[in-house]
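The next block holds one structure in the form of structure tokens; read it before the comments.
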Amino acid sequence: MVNIEQLMKSFVKTLQNLSNKIDKEKRLFCSIIIQAIEDASYKGLDKKYLKHKQEAIEWLTTMSEDFCYIVSLAGYDPQYISDKIKNLMLIGYYQFTQEQYDILYYTSNNKRIIIKLK
């Protein structure tokens with residue numbers, strides 16, 4: 001079975017290694033892609049970071065105009081990066097756990113409800 005963690009780390013490492021060999025501007029845009037990849041793979045339960053995870057997954061997979069622009073400025077083909085991310089999604093790397101999903105969609109703005117018993 002494929003170790004998803006190693007596959008993802010290998011993909012990020014490839015981006016990082018290539019970015020070390022290119023000019024500073026391209027490295028900046030590679031860093032944006034790498035940060036989105038790291039945000040998308042968040043495994044914790046903090047609601048703020050779960051929102052970042054959700055936004056990163058959407059950004060990495062929808063081929064939006066800004067995604068295509070950033071990836072192009074980084075020196076990559078947007079379709080190539082998007083396909084790599086989608087392949088990782090298909091094998092389960094970018095999934096929300098049930099607990100993450102519940103926190104993201106079923107918490108009420110972190111407000112406590114106090115019920116007074118008589």
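Scanning region 47-78 for residues that are open to solvent by less than 80 Å² (accessible area, probe 1.4 Å) and not in a helix (DSSP H, G or I) yields T62, M63, S64, A74, G75, Y76. Residue-level check: of (1) farther than 25 Å from T14 by Cβ; (2) of a type outside the set (K, R); (3) at pLDDT 85 or above; (4) loosely packed, with under 12 Cβ neighbours inside 10 Å, Y101 misses just (4).
Only residues that are open to solvent by 20 Å² or more (accessible area, probe 1.4 Å) and under 26 Å from K24 (Cβ atoms) were counted across region 79-93, and they come to 3. Does region 35-46 hold any residues that are open to solvent by 40 Å² or more (accessible area, probe 1.4 Å) and not in a helix (DSSP H, G or I), and which are they? Those that are open to solvent by 40 Å² or more (accessible area, probe 1.4 Å) and not in a helix (DSSP H, G or I): Y42, K43, L45, D46.
The values are calculated or read from the model by the stated rules, or taken from the named source; none is laboratory data. No experiment lies behind these values; they were computed from the predicted model shown. All Cβ positions, even for glycine, are placed from backbone atoms using ideal geometry, and neighbour counts span all protein chains on display. In case anyone asks, the SASA skips ligands and DNA or RNA and just uses the protein heavy atoms, side chains included. Shrake-Rupley method; radii C 1.70, N 1.55, O 1.52, S 1.80 Å.
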